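Colleague: Take this structure first; my questions come after.
The values are calculated or read from the model by the stated rules, or taken from the named source; none is laboratory data. Values in this document were obtained by computation on a predicted structure and should not be read as measured data. Every residue, glycine as well, gets a Cβ built from its backbone with ideal geometry; the counts of neighbours run over all protein chains shown. In case anyone asks, the SASA skips ligands and DNA or RNA and just uses the protein heavy atoms, side chains included. Shrake-Rupley method; radii C 1.70, N 1.55, O 1.52, S 1.80 Å.
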Amino acid sequence: MELSEYFTLVFTDYTLRTITLGTAILGAICGMLGSFAVLRKQSLLGDAISHAALPGIALAFLITGTKDTNLLLIGALVSGLIGTFWIRGMITKTHLKSDTALGLILSLFFGFGMLLLTFIQKQPNANQAGLDKYLFGQAATLVQKDVTLMAIVTGVCLVIVLLFWKEFKILLFDADYTKTLGFNTRFIDVLITFFIVLAIVLGLQTVGVVLMSAMLLAPAAAARQWTNKLSIMLILAALFGAFAGVFGTAISASENNLSTGPVIVLVAAVFVLVSFVFSPQRGILFKQIRFWKNRRDLQLQKTLQFMFDIVRDHPDISHPHAIKILNNFQGYTKGTLKKMEEKNWVQVKGVQWSLTQEGYHAAENLYKQ
Amino acid sequence: MESPKIAVQVDDLTVAYNYKPVLWDIDLQIPEGVLMAIVGPNGAGKSTLIKSILGIIDPIAGSVAIYDKPYEKQRKLVAYVPQKGSVDWDFPTTALDVVMMGTYGKLGWIKRPGKKEKKAALEALEKVGMLSFKGRQISQLSGGQQQRVFLARALVQDAAIYFMDEPFQGVDATTEIAIINILKELRKANKTVIVVHHDLQTVPEYFDWVTFLNVKKIATGPVKDIFNDDNLTKTYGINYKVAVNQ
């Protein structure tokens, strides 16, 4: 299937439409909540939570014996939340740093989850196959019911974010200060974390345990490059996430059914890359251009200053001088002189230059700054 | 003359990290309307004292009263200026927005700041000489300007008692003068200001009340009575004057 074919089919084909809608919504909610995680410097929390969800899925299957998505995701939610609270407990009760706590919980839970998966696979039960799809996700298994659930959670999350916008913002910026104002910071914190866990769990079916954290972080990291306003950052991150979902699905559907989750993550990574290079304020490209421009301006000013020092002692400021004397001066190049002529700071006649009235004033003001 | 009201009363405050006491059995009575410096060596628990009074750190024991009532009931009377380095200044927000945060406490949950709050925030920015920077992304402010934004945020709270954690740290002379002028204005309005301070040279010039702290409280009282070699030596463990003049 060609890419263009996909975009015509997406409106008519049930499966394609469901998957596309699902990945778009997932991208949006992850981008939005990922912004919070990134700004709290809890980028790795998402990774730990998604890995911590795996044993929950396996246990839910072992207990209920069904592969009903909602039941499995409830298992994932419970074990994800347990993992999160253990991480928190470790950080506050022991003196371990947060990266150590995150790493420990991530590998412990993931290891236990893998153990359970192998155990399940050895069972003489025809029903057991397919649980490993939660490792890397399988967008093709999304059905209408899953997408509806995603949409409802996203809607609720949006309402909560709008309602507690002021509280979220101040907690992200300065938690201690928020406490002194009388806000229950623990409540705000738990609220944010709960929705992050919820978003991760919703994404497991599509993107999988291993790559889920990229869905949270990549759109947010890209969005941060384009704006200095929190609200715009959230909107952009949601848009980037949604686009990554749609394009990722389109590419994976049109190219021999490539695995959707990894393709979505790669598309999001492209957004990040482009943002890092091309964003006007923070991007490396424009930073480098500004650097070059500054250096060139400085070179001009240095040369002008040097000329000014020579001219200052003459009664006639436009008295011509030999270009040769500039050779002793490091900042000077032929290009510099040409630029200065363009600015009408100097006049060049043969091998001599003379400062204009305009150039003289420019040099004077240079000193004043 | 009747004795002034007690703005802050601290009883038996004890804080420990990992079994090691950071603050030991602190009693403090801070009268209304003073400009008080808390001085002491590194690790003396100066910031911890402020943070535990404000409930940011949980003490093992002790109680704090603001105007004779428990602190929890009097939060709106208290404003806080944290250390500048305690937040990430690359956060996507503007100077005005940060100052607006000072109005959040009185607004309470969910309610958004409106015109009244914005006006108050702009006035506070003007007081600290930062009005022309209101729309500036906070990472593009200098250290001194960031400190002034923090001060403006506390001013907006319109509190009776101000706690400030090293407001003079790493600021240039202009900002230092701007800040001290505001502190003096606050005192004129009979506000109580408690400042963690490092520069012993400026204590007699800037403050009228001082607390010497080194895990335990060494002394507290008017600068003219207790700011002397004896207390400095007890607090810093060296004869301060002799050490400086060496």
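Colleague: Between A:Val263, A:Val274, A:Val270, which is of a type outside the set (Gly, Ala, Ser), under 30 Å from A:Asp13 (Cα atoms) and open to solvent by 40 Å² or more (accessible area, probe 1.4 Å)?
Modeller: A:Val270
Colleague: Now for a separate question. Would you check if A:Thr154 is farther than 19 Å from A:Ile29 by Cβ, assigned to a helix (DSSP H, G or I) and hydroxyl-bearing (Ser, Thr, Tyr)?
Modeller: no
Colleague: Please find, among B:Gly62, B:Gly135, the residue that is more than 8 Å from chain A (Cβ to nearest Cβ) and either farther than 30 Å from A:Ile160 by Cα or touching a Cys at 6+ places or on another chain (Cβ under 9 Å) (or both). Write out each step before concluding.
Modeller: Details: B:Gly135 fails: either farther than 30 Å from A:Ile160 by Cα or touching a Cys at 6+ places or on another chain (Cβ under 9 Å) (or both).
Going through B:Gly62, B:Gly135 in turn, the sole match is B:Gly62.
Colleague: Among the residues of region A:198-221, write down those that are surrounded by fewer than 24 Cβ atoms within 10 Å (Cβ to Cβ) and over 17 Å from the mean Cα position of the chain (by Cα).
Modeller: Residues satisfying the conditions are A:Leu198, A:Val210.
Colleague: What helices (runs of 4 or more DSSP H), lying completely within region A:1-77, carry at least 2 residues that are farther than 15 Å from A:Ala218 by Cβ and open to solvent by 20 Å² or more (accessible area, probe 1.4 Å)?
Modeller: Correct list: A:3-9, A:14-39, A:54-64.
Colleague: Picking from A:Thr185, A:Thr148, A:Thr227, which residue would you name as being away from chain B (no Cβ under 14 Å), of a type in the set (S, T, N, Q) and open to solvent by 10 Å² or more (accessible area, probe 1.4 Å)?
Modeller: A:Thr148
Colleague: Mind counting the residues in region B:166-216 that are of a type in the set (Lys, Arg) and at pLDDT 95 or above?
Modeller: The qualifying residues number 1.
Colleague: Hey, could you check region A:172-182 for residues that are part of a loop (DSSP other than H, G, I, E, B) and open to solvent by 10 Å² or more (accessible area, probe 1.4 Å) and say which is farthest from B:Val78 (Cα to Cα)?
Modeller: A:Gly182
Colleague: I've got another one for you. Where residues in region A:154-182 are facing chain B (nearest Cβ under 7 Å) and of a type in the set (Val, Ile, Thr), which of them is nearest to B:Lys51 (Cα to Cα)?
Modeller: Among residues in region A:154-182 that are facing chain B (nearest Cβ under 7 Å) and of a type in the set (Val, Ile, Thr), the one nearest to B:Lys51 (Cα to Cα) is A:Thr180.
Colleague: Right, something else. Of all the helices (runs of 4 or more DSSP H) wholly in region B:133-246, which have at least 1 residues that are under 19 Å from B:Gly102 (Cα atoms)?
Modeller: Values: elements: B:143-156, B:173-188, B:203-206, B:223-226, B:229-236, B:240-245.
Here the list reads B:143-156, B:173-188.
Colleague: Also: Just checking, does region A:200-209 include any residue being within 14 Å of chain B (Cβ to nearest Cβ) and either in a helix (DSSP H, G or I) or out of contact with any His (no Cβ under 9 Å at 6 or more places or on another chain) (or both)?
Modeller: No, there is no match, as no residue in region A:200-209 is within 14 Å of chain B (Cβ to nearest Cβ) and either in a helix (DSSP H, G or I) or out of contact with any His (no Cβ under 9 Å at 6 or more places or on another chain) (or both).
Colleague: Only one residue in B:Lys46, B:Lys84 is over 21 Å from B:Ser139 (Cα atoms) and surrounded by 19 or more Cβ atoms within 10 Å (Cβ to Cβ), so which one is that?
Modeller: Sole residue among the options that is over 21 Å from B:Ser139 (Cα atoms) and surrounded by 19 or more Cβ atoms within 10 Å (Cβ to Cβ): B:Lys46.
Colleague: Okay, next question. In region A:262-293, what residues are closer than 13 Å to A:Ala218 by Cβ and small (Gly, Ala, Ser)?
Modeller: Correct list: A:Ala268, A:Ala269, A:Ser275.
Colleague: Which one is farthest from B:Gly143 (Cα to Cα) among residues in region B:89-128 that are surrounded by 23 or more Cβ atoms within 10 Å (Cβ to Cβ) and more than 11 Å from every other protein chain (Cβ to nearest Cβ)?
Modeller: B:Ala121
Colleague: Considering only region B:217-230, state which residues are touching a residue at least 12 places away in the same chain (Cβ under 8 Å), surrounded by fewer than 19 Cβ atoms within 10 Å (Cβ to Cβ) and either under 10 Å from B:Gly40 (Cα atoms) or not charged (D, E, K, R) (or both).
Modeller: Those that are touching a residue at least 12 places away in the same chain (Cβ under 8 Å), surrounded by fewer than 19 Cβ atoms within 10 Å (Cβ to Cβ) and either under 10 Å from B:Gly40 (Cα atoms) or not charged (D, E, K, R) (or both): B:Ala219, B:Gly221, B:Pro222, B:Ile226.
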